[in-house]
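Below is one structure, written out as structure tokens; comments come after it.
The values are calculated or read from the model by the stated rules, or taken from the named source; none is laboratory data. Computed from a predicted structure; not experimentally measured. Every residue, glycine as well, gets a Cβ built from its backbone with ideal geometry; the counts of neighbours run over all protein chains shown.
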Amino acid sequence: MRHPTEGVLRRLIDEPAGVADPDRQHVAGCDQCLTGLAAARQDADLVGAALATEAPVDVDAAWRRLSAAAAAAPAPVPFAAPSRSGRVRALVRRPAVAAVAVAVVLTGAGTAAANDWLQVFQTEQITPVGFSTADLVALPDLSAYGDLQVTSDPGVHEVADAAAAAAETGLTVPVVTDLPRGVSGEPVTSVGGEAAATFTFSADRAARAAAEAGETLPPTPAGLDGSSVRLVAGPGVVQVWESSVGAPALVVGRAVAPTAFSSGVPFETLRDHLLSLPGLPDDVAAQLRTFSADGSTLPLPVPEDQVASSSAEVDGAPATVLATRDGSMAAVVWVDEGVVTAVAGSMDGDEALAIARSLR
Amino acid sequence: MAVRERARGAVRADLDEVFRRDYQRVVGVAARVLGSRDQAEDVAQDVFLSFSHSSVPAAEAPGWLAVAAAHTALNLIRSGRRRASREEIAAAAEDTVVSDVADAVVTLEERSRVRAALARLPHKQAVALVLRHSGLSYADVATALDLSPGSVGTTVRRAESALRKELNRHASSD
């Protein structure tokens with residue numbers, strides 16, 4: 001029989017009962033697998049030791065702190081001079097809406113990809129997860145299918161205001177003229193530079209990835225093995241407003257649309273082949289679909305059971321309106337001359353569209 | 001405009017119970033990422049504050065809290081919002097309890113390298129690694145990250161291999 005994958009060997013260390021009997025029997029009698037198992041165990045122990053922390057906590061004191069914070073709650077955190085925990089809170093509070101908007105702005109680039117995006121929607125009422133400003137501008141992880149070299153790191157960070165964001169990104173930062181009810185004050189503005197990476201496809205590695213997923217690789221089109229493509233996303237800017245009760249209420253983002261450049265085979269050939277590969281993770285596939293050769297098209301990964309999608313127009317450009325079926329959140333996204341803009345918030349589709357159309 | 005109901009200040013009734021049951025574990029998840037108990041407690045407070053206004057079913061709370069803590073802590077180290085390294089090392093020295101894994105001797109400096117490497121891992125790999133080392137089962141990690149159970153081992157293995165290389169690289173260049 002074929003050797004079990006590294007993943008199976010790894011699980012054997014933690015949860016032997018979770019590994020199928022034939023795999024266990026094979027490993028017990030296979031020198032190669034036993035060597036792999038030993039290496040996996042060594043790495044697991046080393047990393048486990050490096051990550052270990054066993055500091056006891058005072059649960060009662062922590063509970064008093066939380067109770068006080070919850071009672072004081074919606075007091076907005078002053079972003080101008082955040083305390084240490086305020087900074088944490090700022091990250092946590094932005095959350096769902098921000099995640100949606102950024103997912104839309106960059107259409108699935110980074111953690112805001114289909115899977116995470118779906119999770120955001122699943123837990124939209126509450127989730128503080130899935131969004132990092134570091135993911136404002138990000139690229140799909142294609143490392144399992146070839147050589148991915150990141151040539152430009154976006155270095156996402158907060159800036160003082162729209163003027164600073166415009167100066168750093170070269171983008172026209174959208175100005176919201178009429179804030180929706182319940183939203184006031186100044187937004188928190190973050191920017192990211194250009195993220196760029198060069199990906200070289202390897203048929204060999206793709207075959208291995210497929211094998212790990214227990215699948216067989218379809219034939220590789222001629223000329224594809226070893227061909228390179230350059231993926232570029234950003235720069236981008238995102239503005240996040242909190243509602244009067246401290247929840248994230250409105251997010252407006254703009255970024256240079258994800259684009260791919262290819263020197264050899266047409267990018268679409270490579271992209272479509274990658275998309276056809278068995279075992280390609282859904283999030284990577286969703287990210288990949290957002291890249292087009294000219295940056296003009298923008299397919300959106302939409303979890304249809306939870307989000308309704310419709311078409312509209314913003315300043316003459318075709319726009320997509322996404323609204324959660326429970327009516328709690330909506331986003332509008334459109335592309336104009338290679339720049340994608342998104343408006344999202346705790347509102348319905350019509351409100352989001354009205355804000356999108358009123359942007360200056 | 002439909003501002004979410006929960007955000008108006010209603011705190012869920014089971015908060016006390018869930019907090020007392022899961023707080024230590026949530027701090028543990030964040031501490032594995034941050035290497036500092038103080039910072040980990042800040043993260044845990046924020047995670048529970050979000051949870052207090054949420055409608056996450058109680059049965060799903062442990063997984064939700066662990067994932068939220070991992071994401072939030074990773075976001076912190078990735079966005080470079082950590083304290084200055086001197087403070088950080090002091091904090092780590094104060095918090096760190098030597099592991100009982102006898103064979104693996106890991107210095108403080110190596111711990112800090114591991115965390116830097118953790119910040120560079122693909123997000124999902126890093127979260128899977130931290131959740132696994134925080135004691136979540138493969139099935140729980142798979143559910144939390146929307147992975148197939150079969151790919152959790154592969155994801156964790158890749159992350160561990162990357163971190164080990166990071167440690168070796170520095171060890172051999174010293």
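Per-structure values
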{"quantity": "Top-ranked residue of the stretch B:135-169 - restricted to ones that are small (Gly, Ala, Ser) and farther than 24 Å from B:Glu60 by Cβ, ranked as nearest to the other protein chains (Cβ to nearest Cβ)", "calculated": "B:Ser161"}
{"quantity": "Filter result (within 13 Å of chain B (Cβ to nearest Cβ) and either at pLDDT 90 or above or more than 30 Å from the chain's Cα centre (by Cα) (or both)) within the stretch A:1-14", "calculated": "A:Pro4, A:Thr5, A:Glu6, A:Gly7, A:Val8, A:Leu9, A:Arg10, A:Arg11, A:Leu12, A:Ile13"}
{"quantity": "The stretch B:98-122, residues that are closer than 23 Å to B:Thr155 by Cβ, more than 9 Å from every other protein chain (Cβ to nearest Cβ) and at pLDDT below 70", "calculated": "none"}
{"quantity": "Within the stretch B:33-54, tally of residues that are in a helix (DSSP H, G or I), under 19 Å from A:Asp58 (Cβ atoms) and more than 7 Å from chain A (Cβ to nearest Cβ)", "calculated": "5"}
{"quantity": "The stretch A:180-205, residues that are over 23 Å from the mean Cα position of the chain (by Cα) and farther than 29 Å from A:Met329 by Cβ", "calculated": "A:Ser202, A:Ala203, A:Asp204, A:Arg205"}
{"quantity": "Hey, A:Leu51 at the interface with chain B (Cβ under 9 Å from one of its Cβ atoms) and within 16 Å of B:Arg157 (Cα to Cα) or not", "calculated": "yes"}
